[in-house]
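Q: This is the structure I have questions about; it appears just below.
No value in this document is a laboratory result; all are computed from the given coordinates. From a predicted model like this one, the values you see are computed outputs, not experimental measurements. Cβ atoms come from the backbone with ideal geometry, glycine included; neighbour counts cover every protein chain shown.
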Amino acid sequence: MSAMLIRNAEIDFSQRVDVRIIAGRIATVGERLVPQPGEVLLDADSGALLPGLHDHHIHLVALAAALESLQCGPPQVATAEQLGVVLRDKAAVPIYDNDEWIRGIGYHESVAGDIDRDWLDRHVPNRPLRIQHRSGRLWIFNSCALERLGAAGEALEMRAGRPTGRLYDADAWLREKLGSRFPSLRRVGGLLAAYGVTGVTDTTPHNDLAQYQHFAAARKNGELPQNLTIMGDTSLDIVNIPNNGSGIIRGATKFHLHEITLPDFDAFCTAIRNSHTAQRPVAMHCVTLVELVFAATALAESGAHPGDRIEHAALAPPDTLPLLASLGVTVVTQPNFIHERGDAYRQDVPVIDQPWLYRLRGLIDAGIPLAGSTDAPFGDANPWLAMQAAVDRRTRSGATLGAAEALTPEQALALFTGSPAAPGSVQRRIVPGAPADLCLLDRPWAQARRDLGNVRIVATLKDGQRIWPLSPALER
């Protein structure tokens, strides 16, 4: 593993230094370090050098599939007419690799309402088509797709004895029907590296031992250069998965709560205790107030464990914060949704609740550890856009939503530079002995903080090796 000297870099928002990397770790931080024979030189040109970003809530396999899918919702598609054109144009493209399926993502009712098989049939009658709602909970199929699936009524929504083509919360059923294989993560790894991301936490509830093996293989063959913390189901309890050079850490047991089908309270408390007994924290999906109160109450009853998390906390009124703070639970949120979905929230969410959507400053002020994520592919995978939304709280139309929750640029950055093991609590820094997981910006921090959404990454290093860009033009 070669040594590297990064010259003329800015760290800690103002300090101009050189940084020497040896064997994948930061060896020296100082002024005017003398280059050593054989050392790779990288001139930072006064750009800010930061710890590599960590996305604390992402879905890698879904993101890989999304990158190969058709966008069917805002902002790319905003009307029923636009969606019809997009679908018809895709259906007219010649079929390659015997893949007749058309897969759409990101649909929202603001485009064309509650569409069903009949609506899809009018636009794509002769090829199997499935479209995923942006929530990730709903798939909509045309009739051709239903025929291919041999769809039985027990899994699908029925109306007058006939499947509507709408399938809720049944991804496992769908994967079994499709016989789907794990996709390559190479494109995902490259995309994240281009944003300066050197680590992720995959929070997919159904991650199991097979999924872990897929991730391990992707890490080993270089498809996924980022470190990975993997949440998942209870099958991961039986295996100790340390970060022993594999770059993978076993994370929390993930519970995906849905308000309309909440589990039995006592059984849920037992599941929490079982996870803690297996030395695993729990992470609970909470996007409604009912889900948040249910999760927090169950955690209070079961006993909190270091690393327990609330995912999203999409709606957290003031009276919920004391309980969250007393539990010591971490909230992992997505400020990008204020920008991406804020205009819909302003129409669909009662005005009285709008100040408590995807809160930031209020959680920090209450002493609740807070970390950031994108929830890609259900949100944009660019963490810099999420940071910008955390600062300005603006929707796509320019409206401000929850202005009191805005953070400083430095606080927004901290959402993505926390330790994967203690997000929101332990901040990583560029100091001797730390892993050389770094991202170099194209400008000093004083300029970057004015417009985080337009920051560009000059180089991303993982264990001292460049993973972005793939060309070594910047080095000599």
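Q: Quote the charge dipole size of the chain about the Cα centre in Debye, to the nearest 20; the model charges only the Cβ of Lys and Arg (+1) and of Asp and Glu (-1).
A: 1000
Q: I need to check one value: relative contact order of the chain, counting alpha carbon pairs closer than 8 Å and at least 6 residues apart, in percent.
A: It rounds to 19 percent for the chain.
Q: Under 15 Å from the Cα of Lys177, which aspartates and glutamates turn up, not counting those fewer than eight places away in the same chain?
A: Glu147, Glu154, Asp169
Q: Could I ask something else about it? Ordered by residue, what ³J(HN,Hα) values in Hz, to whole numbers, does the stretch 362-378 give under the Karplus form 6.51 cos²θ - 1.76 cosθ + 1.60, where θ = phi - 60° and Gly and Pro are x?
A: Ordered by residue, 3J(HN,Hα) equals x, 5, 4, 5, 7, x, 9, x, 10, 10, x, 6, 10, 6, 4, x, 6 Hz.
Q: While we're looking at this one, here's another question. Assigning unit charges at the beta carbon (Lys, Arg +1; Asp, Glu -1) and nothing else, what dipole magnitude in debye, to the nearest 20, does the stretch 71-178 show about its Cα centre?
A: The dipole magnitude comes to about 20 debye.
Q: By per-residue mean of other Cβ atoms within 10 Å, what is the highest-first order of 395-403, 421-429?
A: 421-429, 395-403
Q: Something else now. Return the sequence-ordered ³J(HN,Hα) values of the stretch 424-439 in whole Hz as given by the Karplus equation 6.51 cos²θ - 1.76 cosθ + 1.60 applied to θ = phi - 60°, using x for Gly and Pro.
A: x, 10, 10, 9, 7, 9, 8, 9, x, x, 6, x, 7, 9, 9, 9
Q: Counting Lys and Arg as +1 and Asp and Glu as -1, what is the net charge of the other residues whose Cβ lies under 12 Å from the Cβ of Arg456?
A: -1
Q: Here is a further query. Among the lysines, which fall within straight-line cross-link reach of Lys462, defined as a Cα-Cα distance under 24 Å, with same-chain neighbours fewer than 8 residues apart omitted?
A: Correct list for Lys462: Lys220.
Q: Need one number: % antiparallel among DSSP beta bridges in the stretch 71-178, to the nearest 5.
A: Counting DSSP beta bridges with both partners in the stretch 71-178, the antiparallel share is about 60 percent.
Q: Which whole-Hz couplings ³J(HN,Hα) result when phi for each residue of the stretch 220-226 is put into the Karplus expression 6.51 cos²θ - 1.76 cosθ + 1.60, θ = phi - 60°, listed in order with x for Gly and Pro?
A: Once θ is set to phi - 60°, the couplings for the stretch 220-226 become 5, 8, x, 4, 10, x, 6 Hz.
Q: GluC sites (Glu not before Pro), restricted to the stretch 124-225: which are DSSP loop and have at most 16 other Cβ atoms within 10 Å?
A: Glu154, Glu157
Q: Applying a 10 Å radius around every beta-carbon, put 101-111, 41-51 in order of their mean neighbour count, most first.
A: Highest-to-lowest ranking by the protection proxy: 41-51, 101-111.
Q: Return the long-range amide H neighbours of Ile26 (sequence gap of 5 or more, or a different chain), with a cut-off of under 5 Å between placed amide H atoms.
A: Here Gly433, Ala434, Ala436 satisfy the definition.
Q: Are there trypsin sites (Lys or Arg not before Pro) in the stretch 12-89 that DSSP marks as loop and that have at most 16 other Cβ atoms within 10 Å, and which are they?
A: Arg32
Q: Helix-only mean residue ellipticity at 222 nm, the chain, DSSP H runs n ≥ 4 weighted -39,500 (n - 2.57), per residue, nearest 500. What is it?
A: Computed ellipticity for the chain at 222 nm equals -8000 deg cm²/dmol.
Q: Okay, next question. Do you know the relative contact order of the stretch 71-178, to the nearest whole percent, from alpha carbon pairs under 8 angstrom that are 6+ apart?
A: 22
Q: Rounded to the nearest 20 Debye, what is the dipole magnitude of the stretch 174-327 about its Cα centre when Lys and Arg each give +1 and Asp and Glu each give -1 at the C-beta?
A: 840
Q: Using amide H atoms built 1.01 Å from N in the peptide plane, name the residues 5+ places from His57, or on other chains, whose amide H lies under 5 Å from its own.
A: Those qualifying (amide H under 5 Å, at least 5 residues apart or on another chain) are Thr201, Thr374, Asp375.
Q: Amide H to amide H under 5 Å from Leu41: which residues, 5+ apart in sequence or cross-chain, H placed 1.01 Å off N in plane?
A: Leu5, Arg476
Q: Also: Are there chymotrypsin sites (Phe, Trp or Tyr not before Pro) in the stretch 229-338 that DSSP puts in a loop and that have at most 13 other Cβ atoms within 10 Å, and which ones?
A: Answer in residue order: no site qualifies.
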